[in-house]
Each structure stands twice: as C-alpha cells, then as structure tokens.
Amino acid sequence: MNEVLTTCPYCGCGCNFYLIADRDGEITGVIPSREHPVSQGKLCVKGWNVHEFVNSPDRLSRPLIKESGTLQEATWDEALKKTAAKLQEIIKKYGPDAVGFFSSAKCTNEENFLFAKFARAVVGTNNIDHCARL
Amino acid sequence: MYHLITKGLVKVWLRKLIKQGVLVAPTELAGGDVVFKEAFTPENVLLKFKKPLYSVKSYFLPQEETLFTFHDSSVNTLEEVYDEFPRIFFGLRPCDLKAITQADRFFNEGFQDAYYNHRRKQTLLMVIGCNNPDNNCFCHTMGIGPFYKDGADIFMVDLGHSFAVTAQTPKGTAAVEDYSYLFEKAAEEDEEDIFFEENSALSRLNFNMPQNIKLPDFTKVDDGFWEKASRRCFSCGSCSYVCPLCFCYNVVDRQNKASQGKRVRTWDSCVFEGFTRMAGRHNMFKTRQDRLKKRFAHKLYQYPETYGYPGCTGCGRCTVTCPGNIGMMSMIKQLAEEVSTDGKK
Amino acid sequence: MTNSIADIADAKVILVIGSNTTEQHPVIGSKIIEAVEHGAKLIVIDPRRIPLANFADIYLQPKVGTNVAWLNGLAHVIIEENICDHDFIADRTENYRELVKMVKKYTPQYVQDITGIPADDLVRAARLYANSDRAMMFYCMGITQFTSGTDNVRTCANLAMLTGNLGKPGTGVNPLRGQNNVQGACDMGALPNVLTGYQRLEDKEARHRFEQVWQVELPAKTGLSLTEMISNAAEGKLKCLYIMGENPLISDPDLNHVREAFEKLELLIVQDIFLTETASMADIVLPGACFAEKDGTFTNTERRVQRVRQAALPKGSAREDWRIISALACKMGYLMGYESPEEIMEEISVLTPIYRGITYHRLDKKGIQWPCPHEAHPGTKYLHKNKFSSGKGKFHAVDYKKPVELPDKEYPFLLTTGRTAYQFHTATMTKRVAVLLREDPDGFIEINAEDAKAIGVREGWPVEVSSSRGRVICRVSITDSLPQGTVFMPFHFAESAANLLTNSAVDPVAKIPEYKVCAVRIRGVD
Amino acid sequence: MAKNELAPKAARIMNITRETSDTKTFTLVFTNPADQDAFNYRPGQFVEISVLGVGEAPISITSSPSRKGFLELSIKRVGQLTETIHALSPGSIVGIRGPYGNGFPFEDVNGDNILFVAGGIGLAPLRSLINYVFDNRRDYGDVKILYGSRNSGELVFTGELDRWSGMPETEVLVTVDRGDEYWQGNVGLVTTLIPRIKLTPESYSAFVCGPPVMIPFVIKDLLKLGFREDKIISTLENYMKCGVGKCGHCLLGGKYICMEGPVFKYSQMKDLGFG
C-alpha cells in the first residue's frame, strides 16, 4: 500500500487526502488528512469516494479520430499529427482568431498555463476561456 | 505476567517478527497524519503516536475488496480472491482490539464470511494500552477501558523507558518466548506503574464523559430529538466509514472493456437514502431523521440486546470526521440529557 | 476569497448569500455550522430554503433575481441608521456619495415590494451585519449567474466596504469557487483578457515580459469569452475549438444552440478523461490524465496553491494533459521541452508576480496562499490589509434590473438551476461512482406542494418541463424549500438536461449566463 | 469451483414465459446436477440472481419445492440488472446463490383454512406456497385466493389463476384497480374483495404479499374482520442486498430481514416498527 497526499478534484474547498494505491498501482481508497488546514479530517461524500471514477472502465485510454462519422482508435503520432495539421490549415486559411480554446477548471495550474501559452504563443489568439462562470 | 522490553529493543523485536508477516503499525505520512501503515521494516514505526483517523478496519473490510473475478460475464470463469497475507498489527489500542474481536463475532455468527476469515486467519494482534486518550475518547463508557486486553495476542503498556509486555495466546507467547533474550522480567514496582498508568488514563477519560452515564429508554426519546439532530446530518457517510464497528457494505460489479470483470464490496452507510431505497422509490428510511434514529438505535440499543455491549468502542473517530458535529460522544451526552429533562417533566 | 477558510472561526457574523454551502462546499459549510455553535450569528439569504437556513439567526427568502434590490436595501438601512464604518469609508473608499444617492430609494418597503423580503427582516439583517466588526460574507453562483451578476458582486462589495468588514481577519467578501481549480485557471490566464496573475493584455510591459520568455510576439487584442466563442461558432466565424476537460454540452446554457454551434465547426478537438457528451462530437479526442495520475498544483477558493501528486499511472496510452499540450506544440513547430510540472511552475513564478515566491518545495504539505511576492513571503491570509491593490475601493452605484426572462402566461414558472449534494457539475465523474449515482440517479424538478397540486402531479411522477428553447422530462420532487411559482432543477443529468431550458443571455461585463432565471411551463406526462 | 457462498453458481435458463409487458418468469436449472440436487428451499425463500458484470438482486422463488428439478423466478423489469435478465434468451447462463430467508411457516398452518391475498408481482412468492398447498392438499382446509393488480395487463399467472379456481374447496377472486375495455371482471383495490368472501376468521391463516403500500391496508381489514395477529403472515419488503445478514441494508429494528425474514407474522412485524 502506498498513500499519496493530494488535493481533491471536486469543489473549491481544496480538501486534502491520501489516495491509497495497492500493490498493482490501482487506487482503492481514500484517507482524509487531519493535519490539513482546510479539511482537518473531514471530507464530503464525493471526496470519500473519489477513487472510484479514476478506475472507471469508461476512462479514455487511446486517442480517437473521427473517420466517416465514427470515432476510431488511433496512435498518438497519428492523432497529434492530424491535430497539428488541421490546426495549421485553419490558422492559415482563416487566421488565428478563428480558433478558440476552452481551458479547464479541472486541470492543474501548470496545464492551464500551458494551454493558455499554446493559445497565445503557438496559435496566436486570446480566444481562451474556461467554465469559471458555469 | 509482564516482561519488560526497552524501547530501543522494540524495533529489534519487530524486525524479527516481520519475518512472519507484514507489519501494520502507526506511521507518519507525508502530510503529518498518522495511519496504520503496512511496512516491511520497522524503521518508521511510531512508538508514541496520536490515534490514527482510521482504525485497522480497512485491513479486514477494505474500502474496496474484490470478492471474485470473472471473464466475459461467465459464471464458469469465476475465481474467488482472498487476501491471505499474514499481518502483524502493532500499536493497536483497546478500542481497535474490541472492534476486531467484535468483527470476529459478527462475521461468523449466522453466516461465516470467508473473506473476513481469510484476512483474520494469520494475524498477530499487538495491543498497547492507551495512556494518552484524546479529547474525543470515551472507551471507558463503552465497556472497554484504556487497558482492555481481551483477545489480544500480546498486550503492552508504555512505561516510558520500556514496554511491559504480556502474552495472552499461544501465538503471542511464541512471539515473546522465541525472542526471550530481548526481555527481562518485570519487577513489582513495574506492575505498580501499570496500575498507575491505567488509572491516570481513566481519570483523563472521565474528564471527557462520566463513566456511569445513562441512556434513556429508546422508546421514550421523542422524534423531535432526532429531527433536530438530523438537521446537522449531511448524509455523507463519514461516520460509518471511520467507525471500526460499521461493517455495512455495498456490492458492485465492474467490468473493463476487455470483459475482465470483478465483483467488489465497498464500504456503505445507513445514512444514505439509497441504502434502503427499493425499486419504485419505496423506502422505509426516507428521511434523514429516520436514518439517524436507526443508526443510533442500532448502535446504542439493539447492539447491546444482541451482543451484550454497544456497537461503539468509544474511539471518537466520528466526532473528528462528522461535518455536522454529530459525534457519538455528543449524541450520548444529549441522549443522557433527555433522561434528566424527562425526569423533570 | 479575500479571506481564509480558517477565518470562519473568528467571524462574529456570517452572511451567506446564494450559496448552498453545506451541499456544495460541505467542508466550508461544516465550519460555518461549527462557528454558529461557538456563538457566531448567521444570516442566510437564498430563494431556496437551503439546509443551512436551519442554523440561521435570520433567514431571508428573496424572489430569484432580485439581488441588487435587497443588497441596495441593506446598504440603505446601514446608511440611514448610520451604522456604517465612517473611518473606513473616508480612508479606503471612493464614490460613496454616488452610492448614497442610488440607494436612497431602496427603502425596506420598496425592497419588500420587489423581493418579497419582509421590511423588518431586512432591517434586522442590516443591523446584525453592520454592527459587527467581524462580519464575513460568502456568496456563490446565486449571486453571479445572472445577467446582473457583475452588479450583484459589486453591491456585495459595497456592503463590506460600508461596514469596514474587509482587510482584517474574520471579514471579507468571499466568493466560493465551484470547481477545484477555477481560481487557478483564472490565475493562470485562461481568460480572454488577462495573462497570468491578472496582468492585463494591454499592459505592454507585462506582455513584453511574456514575449521575452516565450520568444514570440503575442496578440494584444482581447479574445472571445466562452459564450462569445459559442455564438461566433454558430455564426460560422469561429472554425475550430480545442476543449480541454470541459463538457459544454451539459454545462452551457441553451444546449440546443451549443450543439448547433459545434456542428458548424470545421474542427473540434476535445481532450478529456471520459468520452463526454462533448467529446462524442469531436473530430479528434485526446485522452488526458485525471488528478490522481499527475503532478501539479490546484488553487482553492481561498487562493491556496496546493500540490496535486501522482498516485497512479494514466490509463492505457492516455497522457498527462501537460505532456499532450507540449507534444502538440512541438508538432506545430514550437518547442515546449518541459520535463515536469515543477519546471512549468518555475516559469509561472517568473512570469507571475502573485506566484513569484511559490515553488514546489515551499508548497509541500499545506500550500501557500497567494499573493506570495517572493521566496521568503509566507503567503497572504487576507487581502486588502491596509489598502486595496487598486488604491481606493470604489463603491458602485447600481440600480436593480429585472432578469431578462420572467414567467408569463405561456411559461408561468420561474426555473432556477443548481446542483445536488451527490453529483458534480456535468456528472462525468460522479455518475461513475456507485454510491453517488445511487443517491442521485436521475434528474428531477423541485416544486412547491401547492404548485404540484395545481399541475396535478405527485411526488415521483414524471413531468415535462419546457421553455421557449427546449423541453425535458424529469421526476417531480415536492419541496417546502421553495415558494410557489419558483421551481428548481439540478443541471447534472444528461438525460434530463436542465440547460436545454436555460437562457444564454449573459452579463454584459462578466459574460456569465443567466442560469438562475428562466421561464418554464410544466405538465404531467404518463 | 466456488468455495464460498457469496460466489454464485451457474444456472441455465430453460424457459421464459412472458407474464406481462414488464414481467417474465424464468425457469432455471443449475448446470451442475449436484448443485441442483443440493438446492432445497421453502416457499417464501429467495435467491440472489447475478449477471456477472451487471450485478445481483434478490428475487423470491415462485416455483414450489414440491416440484423438483428446476427453479422458477418471476422478474419484473425495474432497473439495469432486471433489464439485462429480460434480454436473455433460453440457454443463457446466470448466477444463482441461495436460497435465503426464512420462508413461509407452512408447518404452523397445517390443517388451517388458508386465505391468500396478493397484489401485483406479490403473487410470485405466494404462488410457491399456493402450489405447495395444492400439492399437499390434504394437509390444508379451504383455500381462498384474492388477487389484484393495477390493470388487467399487469395480472401475472393468469392461466394458473384459472387452474386454481377449478381446484376443490377453492375460491379465486381477481380484481384490477382500473378497468378497461378488455376487462370484464371486478374493478377496485384488492381490499374490496375481502368483504366479498365468506369465511370464519378464527379457522383461517392469511398470507399477504404485494407492494408496500398495499400490505398495511390489507392487514388492517383482516384485523377488523377478526383475524388473529399471529395468523396474518406477510413479507417485509425491505431492501435486501447480500442475503446472508452482513451487508446491513435490510436491517430493521436490529434484525437482518434477509435472515430472520422476510416472512413475519403480523404480531412480529409490529415489534419491528411496522404499520
């Protein structure tokens, strides 16, 4: 068993808990952190059961590309190449402001930073927002 | 009869015992929290520690436990999964111990639960008398007390410089006798010290709650009491999750895209509305009030009828986790108060 | 939040507006209950009689969408009764006279007529809040999700400034963030008008610093907001959307409109951990990693930057989102050679004054609350200590405006939307947790018993709810927490998506949609 | 090979009878003959039926133990699991474990006249006992069967109802809550049938099964008629999960209904806080 201290992915309280990873590396449970300044040993029911969605069989595990109307599994190389090529094509044809980005309040700061950097520095648009208001 | 082992030698002893199984002992995690953690060396084991937020329940009834696996939904491929790891539990408190011995009864009376029994089969229970109860502790009112030791393989008392150790089962005796060179005999004054430690712990507990506290007749507690209490309930399940004596579970099947499936049982709680909801939404415990009443009735009234003692060890963990501050200790006090107000009426 | 969660224990008065705290921020709700137990006074103002109202000394039930009216009313009473903090107003604020002029007409009786809040109750609440030197205000989407959202927020701030309940422990204006890292996404400049740490795009110096570090010229023109992007897509002006970890096909207002807009796109890229309703529409789906499978940081509602730590590997060939973005940038010819999130955080601190002193090493167990301007700074427990970051605090004199769509003959009920205790946002995660799905398995509409009788439906019966934009079928749940004429629906459930009904009209400044008010009609179905 | 009782055993669906638009009766035989031989049950007991990967649910046995070699379950489509089971065809394998629960105390009513009152799918567990009684006809007195459902389309075992009404010393009355053009029989709740039967309550035992809303009304009427509290036998419809008294879902008044119930005399039900 390995217990990893981390921050809850649900609401903005920012409770901390330990995720319990078993010998196979699968996450099987949660231990609230009593020493954490916000949660102090408490968690809501969502936090208590947070490990379950992580292991859901519905999790995406391969890139998908739509081919004649249906999403087909693809390799990363195919998916990234295609994404890059299509993005470049649209930028070339319509300009960078024809591209928009929805960033995520579920992703980390680092990822939001990179996503914004991608929009601004790589594509060249300020069309970036996230669901702060939703 | 007690033997003494100096604190410096405890880890030497544990290092020997580890050869018989994984050590589960109080350990500090990265965030400063103490938990009963599995270890293959005794290096990080704490000899003095705050009560972990989890009891060792999760080693006997884990938050998620696979009952069996199967492939392609086929009953013929069904394979049971048992955890038969030998484990040495070090640093259990009397409340943890009582929970285990009660679990032994619960999982074997009527139907015998093979999963529990496999986990329990190869365990060594090393209990340390509790000489530092915290503000939420009240084991003394639940028929246990800080130095309760029934069912422990080995019972120990922290005497500062060393531990007084007594073996109570053949397994425990072997664990001491095999390494007798680590121990010396306890002197009479050591026994005095044990007595003294127990009494100071008890007086500390009496400060939390008087030992002779009386619960009112359950049928006389009116619904208003439960209604008021239920307003504070978030129906989050925290109380059940941390309770060493809550064994209710849910059963769910999981299957991945490759059709490999497993049936798991997971912790559940009687405070959830869905716990008793039937198809068609019929529910005998629809309101929070109904559920809270049922929970406390079971632990404080029906449990004693069935088992002769309450369904609570007085560990106080629910007081820490309940977001509505409905801890068992405060509920017992409030219930007790119902008696006195009743009396006035 | 201007203040910290730990401050709740210090507050003498707690004012909770438009936040179902015990269900949506349970751990904060728990601390409020604890504070009340220790003697703090609680005022709850919410159109739904939420569970926290049981603990309130004063509970006010305004009509939905009348926030500015009663907030101005509170200001009116505070000024009229002269229970404001004159020193604070004189030293720290500006535009007070404008406010006085504006709230003049918001007498308790006038407010009662608009909001339904009994005049006496309004006066009592104003006194309780104003007479305390430690009054802490919390609000949530019940303030912001209106076409008047910005006005609501500003009038909330007015109250705190009027009474000097700002810039010290146990006070403040404390919006509760609905998602774990809304705060962080804003901090990181995932917004159309600012760079990290709210550095404005127009700020040439700031922009220049980014250009230096990023080695590229940056666009200066403010971008489109989320709702604008959707309408631009519908108009065919926006050709491509790259969506990371969001599910607008459940979360956005007027879903039929959103779907039409997405259908017009030439390219829809979705990066997510599940095949969400949105991802199913995508041309390319990139599988990301969830919180448990990566390192990084989240910033909570009290500005606490905290570590996220990897406890498991991403599923199959899925990748951490930062790796995906880096790889894609490289394919596009821009080198992002990050080796770890820690390295990204180093760049963030260099570029972001409020994060300058933040390093992974310092975050360790308990995180740091920004602003944290240098490596020795302990972080900031509460903002605006001696002055506002922008100098003086400005009172905003705003007038009450009605919501855009109110009930009429055809659509006689006012629908307000929100969340339940057991599902989260678009339920992508929570519907895959057995106990949560069991507690809240399907969509429902909460209706007052009298209304239910009038419609001819009972507990559990199915009804059709429709607005001028769409219709859904869901189950009736009878409640006494709503007044007649107002109904409530959670928006989590794809099968009965409340956002098929909601109005996409937005606040002119914050661009936030009016999720909290639209007009619907309800009829029983077999 | 399964070692412990929580692991279901394989049973093959031999036959499927469609009772109503949402209820089907499944005939099952364990694939391992030894399992079939070892499977002994009482009327009123239930099994846990599994479709691995979907889940498990308790279903009362509707066949009578007096007819050996198979097992019948009537299953109403109410959720994901039952929907999956409904989609299965003969030959499919499901998992079965059990039997569980106490079953009806048919020995205690030996020699009594018997009144059966059923509502909707509640006839399924009673059918087990009814056929048991007919198969041991000499041990029991007169039999009266009252059965009601919401509408004529929801009546189950209609063929058998006809057969039963042709049995000696037996009266069968059927009603529906809401009549329609296809229905020419009684209309009204099942309680409206009670005054229409002639019986001497002191010589009768009553077995009552049906939806939770029905049971208290029927019991009330029977008590009014003069039935003894310990001669009214019903099932407590509480949510059950594991069947072995461990998971806690069915706990009521400190008792695990799946072990000590679900069949109780009314005199016992009262103590559990029912009615």
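Throughout, read-outs are computed from the coordinates displayed, never taken from laboratory work. Just so you know, these numbers come straight off a predicted model, no measurement behind them. Backbone-built Cβ (ideal geometry, glycine too); neighbour counts: all protein chains shown.
For chain D, place one equal point scatterer on every Cα, skip the solvent, and apply the Debye formula. What is log10 of I(q)/I(0) at q = 0.12, 0.13 Å⁻¹? Debye intensities relative to I(0), on a log10 scale: -0.73, -0.86.
I'd like the antiparallel share, as a percent to the nearest 5, of DSSP beta bridges with both residues in chain B. Could you put the intermediate results ahead of the total?
Details: 35 of 46 bridges.
In chain B, DSSP labels about 75 percent of beta bridges as antiparallel.
Pairs of Cα atoms nearer than 8 Å and 6+ residues apart set the relative contact order; for chain B it is 20 percent.
In sequence order, the stretch A:71-85 has phi-based couplings of 7, 10, 5, 9, 7, 4, 4, 4, 5, 5, 4, 5, 4, 4, 5 Hz under the Karplus curve 6.51 cos²θ - 1.76 cosθ + 1.60, θ = phi - 60°, and Gly or Pro positions carry x. Straight-distance candidates among the aspartates and glutamates for linking to B:Lys11, with alpha-carbon spacing under 17 Å and chain neighbours fewer than 8 residues away dropped: B:Glu28, B:Glu38, B:Glu43, B:Asp158, B:Glu177, B:Asp178, B:Glu184. Contact order normalised by length for chain C, with contacts defined as Cα pairs under 8 Å and 6 or more residues apart; what percent is it? Relative contact order here is 17 percent.
Under the combined filter of DSSP loop state and at most 15 neighbouring Cβ atoms within 10 Å, the stretch D:38-104 retains these trypsin sites (Lys or Arg not before Pro): D:Arg67, D:Lys68. Looking at the protein assembly as shown alone, DSSP beta bridges between its own residues are antiparallel in about 60 percent of cases.
The calculated pair-distance distribution of the protein assembly as shown uses every alpha carbon pair, bins of 20 angstrom beginning at 0, and gives 10, 35, 37, 17, 2, 0 percent.
Would you mind checking the pairs B:Lys286/D:Lys220; A:Lys46/D:Lys76; C:Lys431/D:Lys24; B:Lys57/B:Lys149; A:Lys92/A:Lys117; A:Lys82/C:Lys315 and listing those with alpha carbons more than 25 angstrom apart? Don't skip to the end; give the middle numbers.
On the way: B:Lys286/D:Lys220 23 Å; A:Lys46/D:Lys76 32 Å; C:Lys431/D:Lys24 29 Å; B:Lys57/B:Lys149 18 Å; A:Lys92/A:Lys117 19 Å; A:Lys82/C:Lys315 22 Å.
Cα-Cα > 25 Å for A:Lys46/D:Lys76; C:Lys431/D:Lys24; rest within.
Candidate cross-link partners of A:Lys81 among the aspartates and glutamates, defined by an alpha-carbon separation under 14 Å and a same-chain spacing of 8 or more, comprise A:Glu89, C:Asp283. For the listed peptides C:478-488, C:379-389, a ranking on the average number of other beta carbons within 10 Å per residue, highest first, reads C:478-488, C:379-389. Charged neighbours of C:Leu255, selected by a Cβ distance under 12 Å, balance to -1 (K, R count +1; D, E count -1). Find, to one decimal place in angstroms, the Kirkwood hydrodynamic radius of the stretch A:2-54, where the mean of 1/r is taken over every pair of different Cα atoms and then inverted. Computed over the stretch A:2-54, the radius equals 11.0 Å.
Report, in listed order, any pair from B:Lys50/B:Lys299; B:Lys121/D:Lys9; B:Lys299/D:Lys265; B:Lys299/C:Lys41; B:Lys228/B:Lys293 with a Cα-Cα distance greater than 23 Å.
Details: B:Lys50/B:Lys299 25 Å; B:Lys121/D:Lys9 26 Å; B:Lys299/D:Lys265 26 Å; B:Lys299/C:Lys41 34 Å; B:Lys228/B:Lys293 11 Å.
Correct reply: B:Lys50/B:Lys299; B:Lys121/D:Lys9; B:Lys299/D:Lys265; B:Lys299/C:Lys41.
The string of couplings for the stretch B:285-293 from the Karplus curve (6.51, -1.76, 1.60, θ = phi - 60°) is 10, 6, 9, 4, 4, 4, 6, 5, 4 Hz, one whole number per residue in order, with x for Gly and Pro. Between the stretch C:128-153 and the stretch C:430-503, what is the separation of their alpha carbon centroids in Å? Here the answer is 27 Å between Cα centres. Normalised by 2.2 N^0.38 Å, where N counts its residues, the alpha-carbon radius of gyration of the stretch B:218-294 equals 1.38. For the stretch A:20-51, backbone nitrogen atoms closer than 14 Å to the point 7 Å from C:Ala9 Cα along Cα-to-C-beta are found at A:34-42. Per residue of peptide C:365-372, the mean number of Cβ atoms on other chains within 10 Å of the residue Cβ is 3. Over 16 Å, how big is the tail of the calculated P(r) for the stretch D:9-100, in percent of all Cα pairs? The answer is 49 percent, as a whole percent.
Over the whole of C:224-232, what's the average partner chain Cβ count within 10 Å per residue? Rounded to a whole number, please.
On the way: counts 8, 6, 12, 3, 3, 7, 2, 0, 4.
Averaged over the peptide's residues, the number is 5.
From the alpha carbon centroid of the stretch D:6-69 to that of the stretch C:4-27 is 53 Å.
Take each residue of peptide A:18-26, count the partner chain Cβ atoms within 10 Å of its Cβ, and average: the result is 4. Scanning chain D for long hydrophobic helices, with DSSP H runs required to stretch 27 angstrom or more by C-alpha along their axis and to average at least 1.0 on the Kyte-Doolittle scale, returns nothing.
Nearest 5 percent is fine: what portion of the DSSP beta bridges confined to the stretch C:182-369 is antiparallel? Before the final figure, lay out each step's value.
Working: 7 of 16 bridges.
In the stretch C:182-369, DSSP labels about 45 percent of beta bridges as antiparallel.
For an R0 of 35 angstrom, estimate the FRET efficiency from the Cβ-Cβ distance between D:Asn15 and C:Glu464 and round to the nearest 0.05. Result of the calculation: an efficiency of 0.30. Using a cut-off of 29 Å between Cα atoms, the listed pairs C:Lys63/C:Lys264; C:Lys294/C:Lys387; C:Lys12/C:Lys387; C:Lys105/C:Lys453 include C:Lys63/C:Lys264; C:Lys294/C:Lys387; C:Lys105/C:Lys453 as exceeding that distance.
Protection proxy ranking for D:133-143, C:440-450, using the average of other Cβ atoms within 10 Å per residue and placing the highest first: C:440-450, D:133-143.
Counting neighbouring Cβ atoms within 10 Å and putting the fewest first, the residues C:Ser251, C:Ser349 line up as C:Ser349, C:Ser251.
Close amide H contacts of D:Lys9 (hydrogens built in the peptide plane, cut-off under 5 Å, sequence separation of 5 or more or a different chain): D:Ile96, D:Arg97. Which whole-angstrom value gives the distance between the alpha carbon centres of the stretch B:38-100 and the stretch C:191-209? Taking the Cα centre of the stretch C:191-209 as reference, the centre of the stretch B:38-100 is 52 Å away.
Within the listed set D:Leu81, D:Leu73, D:Leu155, the residue fluctuating most in the Gaussian network model of chain D (springs between alpha-carbon atoms under 10 angstrom) is D:Leu81. Of the trypsin sites (Lys or Arg not before Pro) found in the stretch C:161-233, those that fall in a DSSP loop while having at most 13 other beta-carbon atoms within 10 Å are C:Lys221.
Test of the criteria: in the stretch C:343-409, which GluC sites (Glu not before Pro) are in a DSSP loop and have at most 16 other Cβ atoms within 10 angstrom of their Cβ?
Numbers: sites: C:Glu343, C:Glu346, C:Glu347, C:Glu375, C:Glu405; in loops: C:Glu375, C:Glu405.
Loop-located and lightly packed - C:Glu375.
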